[in-house]
1. Being surrounded by 21 or more Cβ atoms within 10 Å (Cβ to Cβ) and either assigned by TED's automatic domain parsing to the domain that holds Arg171 or among the acidic types (Asp, Glu) (or both) is the requirement here; does Thr67 meet it?
2. Considering only residues that are under 19 Å from Leu155 (Cβ atoms) and in contact with a helix residue (DSSP H, G or I) (Cβ under 7 Å, 6 or more places away or on another chain), which ones fall in the stretch 45-61?
3. Within the stretch 166-187, track down each residue that is within 29 Å of Val282 (Cα to Cα) and buried (at least 20 other Cβ atoms within 10 Å of the Cβ).
4. Residues that are closer than 27 Å to Val94 by Cβ and in contact (Cβ under 8 Å) with a residue 60 or more places away in the chain: find the strands (runs of 3 or more DSSP E) completely inside the stretch 134-223 holding 3 or more of those.
5. Kindly evaluate Ser263 against the criterion of being small (Gly, Ala, Ser), within 17 Å of the chain's Cα centre (by Cα) and either assigned to a helix (DSSP H, G or I) or not assigned by TED's automatic domain parsing to the domain that holds Val39 (or both).
6. Being assigned by TED's automatic domain parsing to the domain that holds Phe165 and among the acidic types (Asp, Glu) is true for just one of Glu218, Glu296. Which residue is that?
Amino acid sequence: MSSLSDDLIEPQNDRSFIRHAISDRVRSYPAMLGEEERVLPAFLASQVADVPGACVELGCYLGGSTTAILEGLSKRADRPRGERPLVHAYDMFVANEFMATHSLHNFDVSAGQSFRPIYERLLGDSLSDVEIHEGNILNEEWPERLIKLLYVDILWSWEINQHVFDQFYRRLDCGSWLIHQDYVYSFYPWLPISMEWLVEQGYFEFRHYAQYSTVAFECLRSPGSVARSFSFESDLDSSEKRRLIKKATDRFCGYPKGLLQLSDCVLLLSSDGNKDRGKACVSDTERSFSHPWVIEHAQMVRRNHGIE
């Protein structure tokens with residue numbers, strides 16, 4: 001498989017997953033995912049298929065990542081038999097305006113309506129391998145059970161980021177995989193901040209980048225000792241948060257670097273007394289990166305923060 005993303009990340013990062021074959025079903029399944037973003041969860045699921053523990057998906061949408069994970073689990077003949085469900089899938093299953101405009105209009109689902117029936121219909125026979133958890137993730141708790149693969153596409157705020165860390169990351173352990181679908185993104189600064197802090201503390205190591213926005217971290221040791229006792233929002237000062245974003249940004253080249261740099265701008269614009277610095281950050285990013293996606297995201301940042 002050829003890949004555009006080889007030029008977008010430093011060469012020491014592992015790109016071996018792109019050789020993993022996926023089926024036409026996974027490749028064409030309705031999803032907001034590029035091909036590499038389908039290959040990566042399938043590949044990592046195949047690597048842990050025979051390992052005890054749960055596979056958890058936070059933010060399953062229509063099931064593109066669900067299907068990839070299930071296919072990866074099926075690739076290993078030595079997977080423990082009779083293990084059900086194979087995937088715990090979490091989602092609100094309520095369409096927002098973007099979902100409705102982007103893809104759900106194809107299924108006659110409007111903003112505010114449930115898309116769970118579409119998720120179940122598209123999964124078909126695979127639905128028997130999935131346990132659905134419908135509702136607000138902030139109301140969910142994970143039992144004292146090891147998670148071997150955690151796929152996350154739901155971190156819309158500092159609060160959700162902290163809750164997922166406290167409830168789910170703490171049940172990852174050495175050899176577990178943590179996949180973040182929206183890591184290379186302009187609007188979630190808490191995500192690179194928290195993950196780079198966890199890398200520095202020796203809990204995780206950055207392993208894979210899948211174009212367009214997905215990354216994977218390998219767990220080196222359980223972060224359970226700090227979960228529920230450390231707050232990324234309140235226990236890190238602004239200079240430390242910016243340093244961690246800079247560290248995440250420096251892993252990449254090209255447009256991913258520009259999008260993560262914009263997350264630093266968002267952090268500044270969201271902080272009291274830093275709006276002028278945030279505006280300058282957006283302007284600097286626009287001058288430094290000519291890629292249309294960076295320019296588009298910079299314009300969205302301006303609109304969202306009223307700095308037209």
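1. Details: surrounded by 21 or more Cβ atoms within 10 Å (Cβ to Cβ): yes; either assigned by TED's automatic domain parsing to the domain that holds Arg171 or among the acidic types (Asp, Glu) (or both): yes.
Here the answer is yes, as Thr67 does meet what is asked.
2. Our first condition is that a residue be under 19 Å from Leu155 (Cβ atoms); within the stretch 45-61, this holds for 55-61.
Listed by number, the residues that qualify are Cys55, Glu57, Leu58, Cys60.
3. Residues of the stretch 166-187 within 29 Å of Val282 (Cα to Cα): 179-187.
Across the stretch 166-187, the qualifying residues are Ile179, His180, Gln181, Asp182, Tyr183, Val184, Tyr185, Ser186.
4. Working: elements: 147-152, 172-180, 204-210, 214-219.
Of the strands (runs of 3 or more DSSP E) lying wholly inside the stretch 134-223, those with at least 3 residues that are closer than 27 Å to Val94 by Cβ and in contact (Cβ under 8 Å) with a residue 60 or more places away in the chain span 147-152.
5. Working: small (Gly, Ala, Ser): yes; within 17 Å of the chain's Cα centre (by Cα): yes; either assigned to a helix (DSSP H, G or I) or not assigned by TED's automatic domain parsing to the domain that holds Val39 (or both): yes.
Yes: the conditions hold for Ser263.
6. Numbers: Glu296 fails: assigned by TED's automatic domain parsing to the domain that holds Phe165.
Exactly one residue qualifies, and that residue is Glu218.
Residues checked against (1) touching a residue at least 12 places away in the same chain (Cβ under 8 Å); (2) more than 24 Å from the chain's Cα centre (by Cα):
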{"site": "Ala227", "(1), (2)": "yes, no"}
{"site": "Leu244", "(1), (2)": "yes, no"}
{"site": "Thr249", "(1), (2)": "yes, no"}
{"site": "Leu267", "(1), (2)": "yes, no"}
{"site": "Cys281", "(1), (2)": "yes, yes"}
{"site": "Arg287", "(1), (2)": "no, yes"}
{"site": "Trp293", "(1), (2)": "yes, no"}
{"site": "Ala298", "(1), (2)": "yes, no"}
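The values are calculated or read from the model by the stated rules, or taken from the named source; none is laboratory data. Computed from a predicted structure; not experimentally measured. Glycine gets a Cβ as well: all are built from the backbone with ideal geometry, and neighbour counts include every protein chain shown.
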